[in-house]
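K.L.:
Starting off with a structure, shown below.
Just so you know, all these numbers are worked out from the coordinates, no wet-lab data involved. Worth saying up front: this structure is predicted, and the values here are computed from it rather than measured. Note that each Cβ is placed from the backbone with ideal geometry, even for glycine, and that neighbours are counted across all protein chains shown.
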Amino acid sequence: MPAFRPRYADLPEEIAVFPLSGALLLPGGRLPLNIFEPRYLAMTFDSLARGRMFGMVQPDTHLPRGESGSALYRVGCLGRLSSFSETEDGRLLIALTGVIRFRIAEELPLAPGGYRRVHADYADFAADLVPEEGSAAYDRAELLDALRPYFRARGIEANWEAVEQSADAMLVTTLSMVCPFDVPEKQALLEAPDCAERARMLVALMRMGAVANSPSEGRPS
């Protein structure tokens, strides 16, 4: 099945947003979500009826809360509901596939269901709608050399055969989304201008993380 790629002119100007710390969605990435709060259940059902899209954005805890809740980072990612199932206890298990990043131009009044909405500006991110094919412009060997000690230090098991077989751009997208970086680090990865710069950030973050999480040796007790 071909990937869903809307035309720039067809992107929704007003979108619902799901603020969630540490949850990074990137264009082309796939984010599983467990929806159970009433307002986000309402958001999901409304989105299913209105184009199947909503935005993921991280709260910015460095800024004061507003009337609608936590302050938000200004850049998020629009996603499309690509899978959906309902559990017996009323939860929704969905997968959101990243479409394009957006900048919050303004926050709108809460929707009737209680969830947050924004006016989205996609102007800076039109290139997200063009899939990166072939070899991305970064040092893949350097990335893998940083990845192994980082996963080892964090106690993360990996399917290395799958890692080796991943296309360049998708490898960077997947690692950015699944690695347990802090919220500001996730946001920096989201706002990276392109795959190559995101890969360089990943290498730096993984190298720092490997050192920070390695057992101390030779230190006096």
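K.L.:
Using +1 at the Cβ of each Lys and Arg and -1 at the Cβ of each Asp and Glu in the chain, identify which of Leu129, Gly209, Gly28 lies farthest towards the dipole's positive end.
P.N.:
Gly209
K.L.:
Can you give the direction-averaged projected area of the convex hull of the alpha-carbon atoms in the chain, in nm²? Kindly include the intermediate steps, with their values, before the conclusion.
P.N.:
Details: hull surface 61.5 nm².
Mean orientational projected area (the chain, Cα hull): 15.4 nm².
K.L.:
Oh, and also: Give the residues of segment 147-163 whose amide nitrogen is closer than 15 Å to a point set 7 Å from the Cα of Arg207 in the direction of its Cβ.
P.N.:
Backbone N within reach: 147-150.
K.L.:
Assign unit charges at the C-beta atoms only (+1 for Lys and Arg, -1 for Asp and Glu), then state the dipole size of segment 8-129 relative to its Cα centre in Debye, rounded to the nearest 20. Before the final figure, lay out each step's value.
P.N.:
Details: 12 positive and 15 negative charges, 36 e Å.
In total the dipole reaches around 180 debye.
K.L.:
Which one, Val130, Val183, Val57, has the greatest fluctuation when you compute a Gaussian network model over the chain with C-alpha springs under 10 angstrom?
P.N.:
Of Val130, Val183, Val57, the most mobile in the Gaussian network model is Val130.
K.L.:
Under a 5 Å amide H to amide H cut-off, with H placed in plane at 1.01 Å, what residues pair with Phe102 once short-range neighbours are removed?
P.N.:
Gly76, Cys77, Leu78
K.L.:
Mind pulling the angle between the C-alpha long axis of helix 140-154 and the longest principal axis of the chain? Nearest 10 degrees, somewhere in 0 to 90.
P.N.:
90
K.L.:
Once the dipole of the chain is set up with Lys and Arg at +1 and Asp and Glu at -1 on Cβ about the Cα centre, which of Asn159, Phe4, Pro180 lies farthest towards its positive end?
P.N.:
With unit charges placed on the Cβ atoms, the residue in question is Pro180.
K.L.:
Taking 8 Å as the Cα distance limit and 6 or more residues as the minimum spacing, I'd like the relative contact order of the chain as a percentage.
P.N.:
Details: 360 pairs, mean separation 49.7, N = 221.
Once divided by the residue count of the chain, the mean separation gives 22 percent.
K.L.:
Now for a separate question. Whose amide H sits under 5 Å from the amide H of Gly28, counting only residues 5 or more places off or on another chain, with H placed in the peptide plane?
P.N.:
Distant-sequence amide H within range of Gly28: Gly98, Val99.
K.L.:
To the nearest 10 degrees, how steeply does helix 168-178 sit against the main Cα axis of the chain, on a 0 to 90 scale?
P.N.:
80
K.L.:
Can you give the angle from 0 to 90° between the axis of helix 38-49 and the longest principal axis of the chain, with both taken from C-alpha atoms, to the nearest 10?
P.N.:
That works out to roughly 80 degrees.
K.L.:
Counting only the backbone N, which residues of segment 1-45 are under 17 Å from the spot 7 Å out from the Cα of Thr87 toward its beta-carbon?
P.N.:
Only 32-42, 44-45 pass the distance filter.
K.L.:
Divide by every residue of the chain the summed helix terms, -39500 (n - 2.57) for each DSSP H run of at least 4, and state the resulting mean residue ellipticity at 222 nm, rounded to the nearest 500 deg cm²/dmol. It would help to have the intermediate numbers written out before the result.
P.N.:
Values: 6 runs with 71 residues, N = 221.
About -10000 deg cm²/dmol.
K.L.:
Evaluate the Debye formula for segment 8-129 with equal point scatterers sitting on the alpha carbons, no solvent, and hand back log10 of I(q)/I(0) at q = 0.13, 0.15, 0.16 Å⁻¹, in q order, two decimals.
P.N.:
Treating every Cα as an identical point scatterer, log10 I(q)/I(0) equals -0.47, -0.63, -0.72.
K.L.:
Now a separate question. Please compute the contact order of segment 8-129 in relative form: average sequence separation of alpha-carbon pairs under 8 Å and at least six residues apart, divided by the residue count, as a percent. Walk me through the numbers on the way to the answer.
P.N.:
On the way: 264 pairs, mean separation 39.2, N = 122.
Reported relative contact order: 32 percent.
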